[in-house]
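These notes are about the structure you will find just below.
No lab work stands behind these numbers, since they all come straight from the coordinates. This one's a predicted model, so the numbers in the text were calculated from it and none came from an experiment. For neighbour counting, all protein chains shown are included, and Cβ atoms are generated from backbone atoms with ideal geometry for every residue, glycine included.
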Amino acid sequence: MITVIDKASSEALQPLKKTKTPDSDRKNWYNSKNHPRTWLILSVFFGQIFLFLIARSLPTSVYHRRRHFPAPSTPAVAVVDPQCTATVFVYDLPPVFNSELLQKCSELDPWGSRCEAFSNDGFGRKATGLKGIVPENLAHAWYWTDQFASEIIYHNRILNYKCRTLEPESATAFYIPFYAGLAVGKYLWKNYTAEDRDRHCHMMLKWVQTQPYWYRSNGSDHFITMGRISWDFRRSKDEDWGSSCIYSPGMRNVTRLLIERNPWDYFDVGVPYPTGFHPSTASDVVTWQEFVSTRRRSRLYCFAGATRVSIKNDFRGVLLSQCYSDSQSGSCRVVDCGGSKCLNGSSAILETFLDSDFCLQPRGDSFTRRSVFDCMVAGSIPVFFWKRTAYYQYDWFLPGEPGSYSVFIDRNAVTNGTSIRGELEKISREEVRRMREKVIEYIPNLVYAKPSEGLVGIKDAFDVAVDGVLRRIKEQQGGYNLQVENSRKGSS
């Protein structure tokens, strides 16, 4: 740095050395500049100008890369926990499939930069405005996390996973750290071609299929996180929405972790949307559970959402109408999310869920919505109107009995005049207490911990997801080995 400054300063002063003038004042100034103190001041001054101009010339993407996106941290040597009965090998994909996408964060969305949203290892910017809403000693655990950040979160976690191995020969499963959602995101709108939307996925599959371990089971022992809903990767015709990644040759047998699954595809696994709560320790989790358990809730129910003007007879409008009507008596609290006011969470939404016994959860733009998990993390009991919003989605993460933690009300009945307030008031206070306890019990399954190594003594959503994948792959391998053994016996 000193060398750069001195060089810049001497070059800046060079024209003064060559200037010849009879003016005595200028001669005196020229002579005075040879004084060491003058030289030092000028060096610092021109050096700062030089560095300032260089900094301004840096591209935006470079700035964000340096500020937000260090390479995912990974231990120099992966030491497998001796308690692991299955292990994962993580492919070292070319950067074009993950880190370079993050470095170009300002280009991922046609409407604005995504750099802040995907900073802090995918957790986004630190949450603000929560004073008096969450306990002061848990404020550090809250972020405004983007709902499409799971690819980054899973990648950072799996590099430090206790059952990760660096020896592919002994691996039970293989993880593909491709940011499929980030890769397709910018091409979902405007006049991009089907080829544009498929390019990264096809390149990734071509690379993976050159790896020797792919053919061990034709990809059935491989898994990937795809950070959007399944339907964004299921384009059947060129003119339709999304990419055709899931339908591409090679993806058929790969297990896919998605925030919304296709219930009829065995290889789709629904995982929780990222919420804003990312505990650093097991103590953070317990403290939060105690906080939401003892919270005094002043509203019977609430709704955070907005109508879809483009949808005729939008069901959300019916819910808003009832909630606004019941707000007069204090039974319901509304957070109108028109525009982008509720994008990726807000203090108003969190406070509303904390203050309500129940939270209404209609389908979102697709069958699921992130709000389900924001609601449950706050200890509020979800009210569903479509079974596909949760019951057919997150089997590994939610209680097996839907009625133990949620309420289901037929949406057609509501449209025809059934009172939501009336239905909820039929539930006894004792039953409400039991349901809330079940919701709070399952909070660890719904959150992604902050430490890249996970939490000690508590499994979070990442642990539940990867444990489930490994269990499934081991079962498949066991069945395959049994088939081979029986085949050999039959031929002998």
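Quick notes on this one:
- The three principal axes of the Cα atoms in region 289-446 give end-to-end lengths of 40, 34, 31 Å, sorted in falling order.
- C-alpha center-to-center spacing [region 282-310, region 103-125] in angstrom: 27 Å
- Cβ crowding within 10 Å averaged over residues, with 91-104, 113-126 ranked highest first: 113-126, 91-104
- Burial ordering of ILE133, ILE311, ILE176, fewest other beta-carbon atoms within 10 Å first: ILE311, ILE133, ILE176
- Candidates per GluC sites (Glu not before Pro) in region 159-267, loop by DSSP, up to 10 other Cβ within 10 Å: GLU239
- FRET efficiency estimate (nearest 0.05) - Cβ-Cβ, LYS387 to GLU195, R0 41 angstrom: 0.65
- Straightening the chain between ARG216 and GLU116 buys 32.0 nm, computed as 0.36 nm per residue apart minus the Cα-Cα spacing.
- Relative protection proxy for 262-268, 273-279, 446-452, from highest mean packing down: 273-279, 446-452, 262-268 (other beta-carbon atoms within 10 angstrom).
- Within region 238-271, the trypsin sites (Lys or Arg not before Pro) that combine a DSSP coil assignment with at most 16 other C-beta atoms in a 10 angstrom radius are ARG252.
- Listing HIS155, HIS222 from fewest to most neighbouring C-beta atoms within 10 Å gives HIS155, HIS222.
- Placing +1 on each Lys and Arg Cβ and -1 on each Asp and Glu Cβ, with no other charges, gives region 145-256 a dipole about its Cα centre of roughly 120 debye.
- A simple packing score, the average count of other Cβ atoms within 10 Å per residue, orders the peptides 183-194, 364-375 as 364-375, 183-194, with the highest score first.
- Annotation: extensible slack from ALA282 through ARG433 equals 52.0 nm (criterion: 0.36 nm per residue apart, minus Cα-Cα distance).
- Counting other Cβ atoms within 10 Å as a rough exposure proxy, the listed residues VAL80, VAL88, VAL335 run VAL80, VAL335, VAL88 from fewest neighbours to most.
- Whole-angstrom gap from region 444-467 to region 208-230, using each part's C-alpha centre: 23 Å
- Estimated FRET transfer efficiency (SER329, GLU136; beta-carbon r; R0 51 Å; 0.05): 0.95
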